[in-house]
Structures are given as structure tokens and as C-alpha cells.
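Everything below concerns the one structure shown next.
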Amino acid sequence: MSKKVLVIGEAREGSLRNVTFEAIAAGNIVSDGGEVVGVLCGAGDLNSMAQEMVYHGASRVITVANEELKTYTSDGYGQAIYQVIQDESPEGIIMGHTAIGKDVTPKLASRLESGLVSDATEVVVEDGNIVFTRPIYSGKAFEKKEVTDGLVFATIRPNNIPALTRDDSLAGEVTEKEVEISTIRTIIKDVIKKSSEGVDLSEAKVIVAGGRGVKSSEGFEPLQELADTLNGTVGASRGACDAGYCDYSLQIGQTGKVVTPDLYIACGISGAIQHLAGMSNSKVIVAINKDPEANIFNVADYGIVGDLFDVVPKLIEEVKQMKVNA
Amino acid sequence: MNIFVLLKRTFDTEEKITVANGKIEDDSAEYIINPYDEYAVEEAIKIRDEHGGEVTVVTIGEEDAEKQLRTALAMGADQAVLINTEDDLEEGDQFTTVKILEAFFSDRDVDLILGGNVAIDEASGQVGPRLAERLDMPCVTTITKIEIDGTTVTIDRDVEGDVEKVETSLPLLVTCQQGLNEPRYPSLPGIMKAKKKPLEELELDDLDLEEDDVEAKTKTTEIFLPPEKQAGKVLEGETADQVKELVSLLKTEAKVL
């Protein structure tokens, strides 16, 4: 049965996050031939980003521009999106499973008294039912989940559901909606940027991760350089975080982030079960470790037995060389 | 200050997961307090020690969850509540959980509720923010630092690696992120004392709830394990050659470069 689905877009530093396009693709599946309506909250001119959502498959887009929405707050965005939901009465809502998605969707679902399927990695229509797949036990297992009552509301994990091909011949209406934002109970005083660049671990296509074998915070420098060369980002095992080599925000594993990049390069990581839970669903895994018996080699597609401080600099050179040749 | 902690009993992180008859095998599993909820227990105790008041730990589950509640009491919480749904509920989801918690909190004076930002089993991360919405409280998720001065609360919040400095006020619900604190181990005297601390057991009836009121909005239709990952190629030769081969394989075979 075709449905009207709202897809909540998300911008970061003035441009749409890729997960927005993946959410449109998921919305397209859920809508089953119905309408996919993009929603974009923020401040200032949102038109060009709204256009991008149309080019990626949204039938039309509603922009909500308000000074109170310049930075994300759960109250501000919650109120704005709720008012759009009230206007549109959708049968489905899809958003990325990002920091914002994780924060605002449970509140909306609670207010709407609806279910919410969080962190889906796949969505299909089977015999007319919409079936989500999501990891449980940090990816040690998966479950299939269906909504049994009312609104089909879900967040999708970045990097899993392919976006539709951009097509700038697509046309769709962009309309502005005025909203009333009343009290915002949490005031953002300041944001301290710690991530070296704009890419979050959960959205990164390439991750270079270090473990205890990195030995010190300086030891992360070659890893950072390799990550930069590959347009990726740096992650870490719990061992490296506990040892104080890096910030806990970089931790990948059962506690910490669960990631599914295209390429995961594990350097000096032994591969404890808790770490594997956070990364073993990556598409391609490379392990670099001195210990040939290290557990990480059991999940790696390619392994190099050797000292990471010897291997990583050579790898950086080789990748640079490849880029020059290309 | 009336401080509450939402606690979930989960599999130990060391556990391997096996599936039998469409369900996660749990016969011989070891259980722990969900690690993120452990941060919540620790922080609640610290806040009480600084500002006075009582820490109440609340869980929804079966009889067996008493063990994790006793652990929280041994760490230093003052009292515990087990909302036992063993006889009433076959299956629930986050809607169910929050409906029950909403009823539980409806006649209680609350200054602060702490929970984990996510449970390591089902990992929905919904319960905290959902409950805050029902109780009409401000909510701050993934906190790594909290300071309370009167009713003003200053918080550091982890946002995908960046730190957001947030100001808000009590009553409040927060969910805890790694880095907030280092949970203590229960001491021997703590464990002895915990045995005598009050542990109240409630059922849906006691909260004036019927099964229909809390019926789940979603259902799990299948549970399965990911395909076993085949161990790949360990490259051979001099490091320089291995690196060359690796880049070439990543480019032509794996097609990720």
C-alpha cells in the first residue's frame, strides 16, 4: 500500500549530510510508490539544500527556517518537526540514525505514541509488509522488525542503504513553513570541536583505527596521516582509549561506536570480541599487527603481519603514489 | 534531591551470541548491569554524596534482575525497584517500557533521572528521551560531565566527537555516555549492606496498568546471525611488497580505493 513518508534531512556546516540522501532512498522504499516529502530545519536560506533533496528523489520539500533552529536543540527541532507532522499527517517518517536523529526521534515517537525502529541497516517490502533489519548486540546478531500499529517511524544507520543516483532533471516543489518555537529548555552555551574534520565515524567511508599497539598518543600521528590520505577518519579500540592514547569519542566497539565503513584498517588492534562487535560488518577489513595469532586476522580480508610503525608509513607512500598515477 | 536511575540487565559484553529456535540463546549467559547504566549509577551516587538526597534504581524485567539491582545497591544506591513483568508481558518494545515507567513516575517527586544512553543488547537508545517527553522534562542525551548548582545544571554532551556545553535546569533527565566517570566496584561492606537495603517489587497491577495499555507498537519477526566472516589473505614477502600488493588488491579486487 502506498504511503506518504516524511524524510527529515540533516545539514552539517552548510551542506546536507549524505545520510539524508540515504534516508530519502529508504523513504522511497517505505512509501511503496507514494509520496516522499523532505523536511529541512535550520536558519537562513535552505533552498539550495532543499533542491538537492529533490535531485536525490524527494517528491517535494518543506523548509522550516527559524533563527531558533540555527543550532540543534531537542526542544526546538522537536517542536518544528512536530508541527510539520501535524500539517502533513504522514504514514511514515524516516531520519538518519545520527546524534540528532537519536536525540529527536524518540521524543517525537513518544509524543505521537508511536513505535520507532532505530538504527535500521536495511528496509524491504515483503508481502506488503515493511520489514526493517537492524543490528542487535552491537552487530553480533540481527533482527527483523515490523511496525504493528500505526506510523512507520524509523532511523537508518549511515552507510548502509544506498542513496538514489542524483538527477538534476528532477523537479519538486519547495515550500516554506512558518513554525512557532516556544521555550527551549536546554541552552547551548558553546561547542568545542574535537573531531579533526567534518566526517563522523559512523558516516566515514574509510576508518583507520589504532589499538594498544599504537603505544602513545603520538603513535596515532601516522594513522591520522593515512586517514587523511584516504579521506577517512581515525578510530580506536577500547584498549587505546583506556590507555589514554586518544579520546573516548573515538572508541569503536560494543561500548563506543558501531561502524560500517567501506574500508577499515585496524592497526595494532588484537581484536577482542567487544571490538569486533563494533566493526566486523565493515565491507573490507585490513589488519596490521605484529602478532600473527591476533584474533583480528580472523575477520580481516587482508592481513599484514608486521610492525605498524614500519607498515603504515609505507602504506601512506604507496597510496600517494597510486593517486599520482591515477 | 530525589535521584532515580533507569537500569537494564544485559548480557556480559564477553558473551558470544547464538540463536536457537529463532531466539537468542540465554541459558548459560552471564549478565551484567548495562555498561552505560553503570555510569548512571556511579554519577547518581556522586551527585547524592555532594548534594544529599536518595538514589533509587529502577528496572523492568524478571525476578533475576534482582542481582543487578543488588549490585547497584552495593555500589551505594539507597533503594531499588523491580517492576516485574514476567507474568504479564510476553513481548514489549520501547513504547511498552516507557508506558510502564511513565506510570511509575506519575506519583513520585523527581529531581533527576539518569539512564544509559543506549543498552548494549537492543541498542535503541529510545527509553530516556521517550520518558522525558512523557514526563515533560528537559532531556540531555550522551552526557560526559554534569554539575548541579541549585536548580541550574551545566552539562558537557558528546555530539559525534565534539563537546556541546549545555545549560538547563532541574527536574531533568540525562543519558550517560562513556567518559562520564569510572564506575566503582562494590566494596565488601557495600555488598553486606546491600542485602538489607529496601528492594520493592511491583507488577503492572500496582501501577494501574493493563496489558493492553502497554501493548508494543513494533514486533520482532526474526533473529539471525550475520554470515560468518571468512578469514582472508595474510600477505607475504617484504613489507614493501606486502604494502604494494595490499594497495593493488584494495584497488582491483576489493574496489574500495
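Of the candidates B:Ile3, B:Ile17, B:Ile32, B:Ile100, the single residue that is assigned to a helix (DSSP H, G or I) and out of contact with any Ser or Thr (no Cβ under 6 Å at 6 or more places or on another chain) is B:Ile100. Of all positions in segment B:161-182, at least one carries a residue that is surrounded by fewer than 18 Cβ atoms within 10 Å (Cβ to Cβ), of a type in the set (Lys, Arg) and facing chain A (nearest Cβ under 9 Å).
Taking (1) facing chain B (nearest Cβ under 8 Å); (2) open to solvent by less than 20 Å² (accessible area, probe 1.4 Å) in turn, A:Val259 satisfies each apart from (1). Here B:Glu253 fulfils each of the conditions (1) facing chain A (nearest Cβ under 10 Å); (2) under 30 Å from B:Glu91 (Cα atoms); (3) of a type outside the set (Gly, Ala, Ser) apart from (2).
In segment A:114-152, the residue that is nearest to A:Lys257 (Cα to Cα) out of those that are more than 7 Å from chain B (Cβ to nearest Cβ) and of a type in the set (D, E, K, R) is A:Arg134. Of all residues in segment A:7-19, exactly one satisfies the criterion of being surrounded by fewer than 24 Cβ atoms within 10 Å (Cβ to Cβ) and either outside the structural domain of A:Ile85 (by the TED database) or in a helix (DSSP H, G or I) (or both), namely A:Asn18. Looking at (1) outside any loop (DSSP other than H, G, I, E, B); (2) open to solvent by less than 60 Å² (accessible area, probe 1.4 Å), which one does B:Lys197 not meet, given that it meets all the others? All conditions are met except number (1).
Just to be sure, is A:Thr175 surrounded by fewer than 21 Cβ atoms within 10 Å (Cβ to Cβ) and assigned to a strand (DSSP E or B)?
Judged against the criteria, A:Thr175 is a match.
Residue check: is A:Ala65 touching a strand residue (DSSP E or B) at 6+ places or on another chain (Cβ under 8 Å) and either within 13 Å of chain B (Cβ to nearest Cβ) or open to solvent by 20 Å² or more (accessible area, probe 1.4 Å) (or both)? Criteria met by A:Ala65.
Looking at (1) farther than 30 Å from A:Ser280 by Cβ; (2) open to solvent by 10 Å² or more (accessible area, probe 1.4 Å); (3) part of a loop (DSSP other than H, G, I, E, B), which is the one condition that is false for A:Thr165? Single failed check for A:Thr165: (1). Checked against the criterion of being open to solvent by less than 10 Å² (accessible area, probe 1.4 Å), in contact with a His (Cβ under 8 Å, 6 or more places away or on another chain) and either part of a helix (DSSP H, G or I) or not hydroxyl-bearing (Ser, Thr, Tyr) (or both), the candidates A:Ile269, A:Ile316, A:Ile285, A:Ile304 yield just one match: A:Ile269. Looking only at residues in segment B:70-101 that are over 17 Å from the mean Cα position of the chain (by Cα) and free of Cβ contacts under 8 Å to residues at least 40 places away in the same chain, which one is surrounded by the fewest Cβ atoms within 10 Å (Cβ to Cβ)? Across segment B:70-101, the extreme among qualifying residues is B:Glu90. For segment B:121-151, the set of residues classified as farther than 22 Å from A:Ser249 by Cα, assigned to a strand (DSSP E or B) and not charged (D, E, K, R) consists of B:Ile148 only.
Taken together, the residues in segment A:278-292 that are more than 8 Å from every other protein chain (Cβ to nearest Cβ) and either modelled with pLDDT under 95 or under 24 Å from the mean Cα position of the chain (by Cα) (or both) amount to 4. Here B:Pro226 clears all of (1) facing chain A (nearest Cβ under 9 Å); (2) open to solvent by less than 20 Å² (accessible area, probe 1.4 Å); (3) without any contact (Cβ under 8 Å) to a residue 40 or more places away in the chain; (4) within 30 Å of A:Gly115 (Cβ to Cβ) except the condition numbered (2).
Selection within segment A:229-256: residues that are assigned to a helix (DSSP H, G or I) and touching a residue at least 24 places away in the same chain (Cβ under 8 Å). The member of this set that is nearest to the other protein chains (Cβ to nearest Cβ) is A:Ser249.
Determine which member of the set A:Ile304, A:Ile269 is under 28 Å from A:Ile136 (Cα atoms), at pLDDT 95 or above and of a type outside the set (Gly, Ala, Ser). Answer to the selection: A:Ile269. Could you go through segment A:185-192 and let me know if any residue there is more than 8 Å from chain B (Cβ to nearest Cβ), of a type outside the set (S, T, N, Q) and open to solvent by 20 Å² or more (accessible area, probe 1.4 Å). No - not one qualifying residue is present in segment A:185-192. Among the residues of segment A:94-145, those identified as among the small types (Gly, Ala, Ser), open to solvent by 10 Å² or more (accessible area, probe 1.4 Å) and assigned to a helix (DSSP H, G or I) are A:Ala99, A:Ser138. The residues of segment A:20-45 that are outside any helix (DSSP H, G or I) and either open to solvent by 10 Å² or more (accessible area, probe 1.4 Å) or not assigned by the TED database to the domain that holds A:Asp167 (or both), listed by number, are A:Asp32, A:Gly33, A:Gly34, A:Glu35, A:Cys41, A:Ala43, A:Gly44, A:Asp45.
The values are calculated or read from the model by the stated rules, or taken from the named source; none is laboratory data. As the structure is a prediction and not an experimental result, all values here were calculated from the model. With ideal geometry, Cβ positions are generated from the backbone for all residues, glycine too; neighbour counts draw on all protein chains shown. Heavy atoms of the whole protein, side chains included, go into the accessibility calculation; ligands, DNA and RNA do not. Shrake-Rupley method; radii C 1.70, N 1.55, O 1.52, S 1.80 Å.
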